[in-house]
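The values are calculated or read from the model by the stated rules, or taken from the named source; none is laboratory data. Small disclaimer: the values here were computed from a predicted structure and weren't measured. We work out accessible area using only protein heavy atoms, side chains counted, and drop any ligands, DNA or RNA first. Shrake-Rupley method; radii C 1.70, N 1.55, O 1.52, S 1.80 Å.
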Amino acid sequence: MTGTAALAAQTHGFLSTSGVEIAFLLVGLATLGAALVTVTTKQLVHAALWLVVTLGGLAVEYLLLTAEFIAWVQVLIYVGSVVVLLLFGLMLTKAPIGRSPDADSGNRWAALAVAVAAAGALVWVVVDAFRTTWIDLGGAPQGSTEVSGEILFRHWVLPFEALSVLLLAALVGAIVLSRRKNEER
């Protein structure tokens with residue numbers, strides 16, 4: 001029995017894949033595809049719905065990383081609140097439902113070049129910043145509620161509240177814009 005366990009331990013090397021890693025890759029590719037459709041579609045409502053798929057894919061990725069709390073926060077706050085707010089804003093401002101010709105500018109190639117350069121710079125900065133960072137496996141799990149809550153309430157309270165004020169201002173602005181159009185009629 002010990003020989004079998006040792007043989008099994010030897011066959012799983014650094015580049016061996018497990019089911020979770022394969023699922024992570026497949027969900028990541030599906031999420032990337034949904035994100036690309038989100039930014040390339042010419043219909044605003046379809047873009048919002050593809051954004052739901054993208055954010056849901058990110059929540060699944062968090063689940064695969066065993067960060068259940070962050071996954072549920074992703075679903076509740078982003079999918080449940082931000083996208084609903086976006087859809088309400090589209091409905092209240094009477095945005096065009098069908099294809100919108102002004103949703104596409106002629107600068108797709110320039111935008112693609114800037115996006116690729118920004119993505120390359122972001123990857124380089126993240127890899128450079130976390131090259132020597134190691135996870136302490138003896139402490140609390142990194143995706144746990146305890147660690148996430150401690151980081152959120154110790155370091156990220158102000159940006160979190162600023163985002164909530166920004167979302168509230170966007171909702172109030174959409175209501176004001178829709179009322180102003182009704183009063184002009």
In the full protein assembly as shown, how much of Thr31 is accessible to a 1.4 Å probe, in Å² to the nearest 10? 20
In whole Hz, the Karplus estimates of ³J(HN,Hα) for the range 22-30 (6.51, -1.76, 1.60; θ = phi - 60°; x where Gly or Pro) are 5, 4, 4, 5, 5, 5, x, 5, 5
Taking the full set of protein chains and a 1.4 angstrom probe, give the accessible area of Trp50 in square angstrom, rounded to the nearest 10. 100
Which whole-Hz couplings ³J(HN,Hα) result when phi for each residue of the range 53-66 is put into the Karplus expression 6.51 cos²θ - 1.76 cosθ + 1.60, θ = phi - 60°, listed in order with x for Gly and Pro? 5, 4, 5, x, x, 5, 5, 5, 4, 5, 4, 5, 8, 6
Residue by residue, what Karplus-based ³J(HN,Hα) values in Hz, rounded to whole numbers, does the range 159-168 have, using 6.51, -1.76 and 1.60 with θ = phi - 60° and x for Gly and Pro? x, 5, 5, 5, 5, 5, 5, 4, 5, 5
Got a number for the accessible area of Ser148? Probe 1.4 Å, square angstrom, nearest 10. 20
Compare Phe160, Phe130 by solvent-accessible area with a 1.4 Å probe and give them largest first, with all protein chains kept in place. Phe130, Phe160
From most to least accessible, 1.4 Å probe, no ligand or DNA/RNA atoms counted, Thr132, Thr40 line up as Thr132, Thr40
Of His155, His46, which has the most accessible area with a 1.4 Å probe, and how do the rest follow in descending order? His155, His46
